[in-house]
Amino acid sequence: MTERRLLIAGNWKMHGLHREGVALAAALAEKAASHQSAHGPLHLDLLICPPATLSREVSETLAESVISVGGQDCHTLERGAHTGDVSAAMLKDAGCSYVIVGHSERRADHGENNDQVKIKAAAAHACGLTAIICIGETREQRDRGEAMAIVGSQLAGSLPDEANASNTVIAYEPVWAIGTGLVATVADVAEIHAGVRAGLAKALSDADAVRVLYGGSVKPDNAAELMELEDVDGALVGGASLDADDFWAIAATCL
Ligand code: PEP
């Protein structure tokens, strides 16, 4: 079995003014640095995705840190007349190395579909960013027994042709578990992640090396049981990533 390096990613969503964002990033950098000086190199990857307004500041704050910075969305195009949008090239220029695409809040708030997510992921790849492609079913879809089918079709529809294990991460995030305190059962997560891995195997030659994260109300007290699942390669963390102690505690379950 291919060894996959875990990734713990924080999605700050639309939270963080300048002072608090920089302070949060600095607090995490401090925790990572003190862990490294006590125990040596980290055996996982850490990422924070602040709002685009803070990308550069947070990148500069983390310049000496192992923690990477990502965007929360990018446009399908590199530049142009698209008021209010941010391109992958702009995120890269501001110090990002990852970008989340297809988050369920983007799919719901902005009507994004798989075709657009696929083009966004390709735009990220073209700029050298790693795309974190989010997929996940709604409560109604799960209740109808459609979770696996929905996740499978989102995966197949959102993966661009050039996707591979180095430029793509998948995040399975059941919509009903995001920001609600509800967490999918360990058995459900294991089942969907195995299905995602099987779906990746149909599409990619290096599917076994692609990291598949779980997201949806991951907290310090539930992270350990989720992170030890065979096909779970880390977490995409929303609310708990806004607190340095909580985010670090989640990461620490994998250290
Ligand atoms: C998310 O926004 O991707 C997320 C998983 O949020 P939360 O951890 O707050 O459920």
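The values are calculated or read from the model by the stated rules, or taken from the named source; none is laboratory data. No experiment lies behind these values; they were computed from the predicted model shown. Cβ coordinates were reconstructed from backbone atoms using ideal geometry, including for glycine residues, and neighbour counts include every protein chain displayed. These accessible areas exclude ligands, DNA and RNA; they are computed on the full protein's heavy atoms, side chains included. Shrake-Rupley method; radii C 1.70, N 1.55, O 1.52, S 1.80 Å.
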Q) Is there any pair with a first residue in the stretch 200-218 that is closer than 10 Å to A163 by Cα and of a type in the set (D, E) and a second that is surrounded by 17 or more Cβ atoms within 10 Å (Cβ to Cβ) and at pLDDT 95 or above whose Cβ atoms are under 7 Å apart and which are 6 or more apart or on different chains, and what are they? A) D206/A165
Q: Filter the stretch 191-226 down to residues that are under 12 Å from I170 (Cβ atoms) and outside any helix (DSSP H, G or I) and give me whichever is farthest from the ligand (Cβ to nearest atom).
A: L204
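Please enumerate the residues belonging to the stretch 18-60 that are among the charged types (D, E, K, R) and out of contact with any Phe, Trp or Tyr (no Cβ under 8 Å at 6 or more places or on another chain).
Within the stretch 18-60, R19, E20, E30, D45, R56, E57, E60 meet the criteria.
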Q. If you go through the stretch 131-155 one residue at a time, how many are on the phi < 0 side of the Ramachandran plot and open to solvent by 30 Å² or more (accessible area, probe 1.4 Å)?
A. 13
Q: Return yes or no: is T180 open to solvent by 10 Å² or more (accessible area, probe 1.4 Å), touching a Phe, Trp or Tyr at 6+ places or on another chain (Cβ under 6 Å) and closer than 17 Å to N11 by Cβ?
A: no
**Q.** From S166, S153, S158, residue being among the hydroxyl-bearing types (S, T, Y) and under 18 Å from T2 (Cα atoms)
**A.** S166
Q. Are any of the residues in the stretch 34-49 over 30 Å from E3 (Cα atoms) and of a type in the set (G, A, S)?
A. no
Q | Subset of the stretch 166-180 [away from the ligand (no atom under 16 Å from the Cβ) and assigned to a loop (DSSP other than H, G, I, E, B)] | A | S166, N167
(Q) Looking at the stretch 156-165, can you tell me whether even one residue there is modelled with pLDDT of 95 or more, part of a helix (DSSP H, G or I) and surrounded by fewer than 18 Cβ atoms within 10 Å (Cβ to Cβ)? (A) yes
**Q.** Which listed residue is within 16 Å of the ligand (Cβ to nearest atom) and assigned to a helix (DSSP H, G or I), from V117, V183
**A.** V117
Q: Check whether at least one residue in the stretch 130-144 is more than 15 Å from G70 (Cβ to Cβ), more than 16 Å from the ligand (Cβ to nearest atom), assigned to a loop (DSSP other than H, G, I, E, B) and modelled with pLDDT of 95 or more, and report yes or no.
A: yes
Q: Taking the options A108, A23, name whichever one is over 24 Å from R211 (Cβ atoms) and within 16 Å of the ligand (Cβ to nearest atom).
A: A108
Q. Which residue, of V196, V175, V189, V169, is open to solvent by 40 Å² or more (accessible area, probe 1.4 Å) and under 23 Å from M227 (Cα atoms)?
A. V175
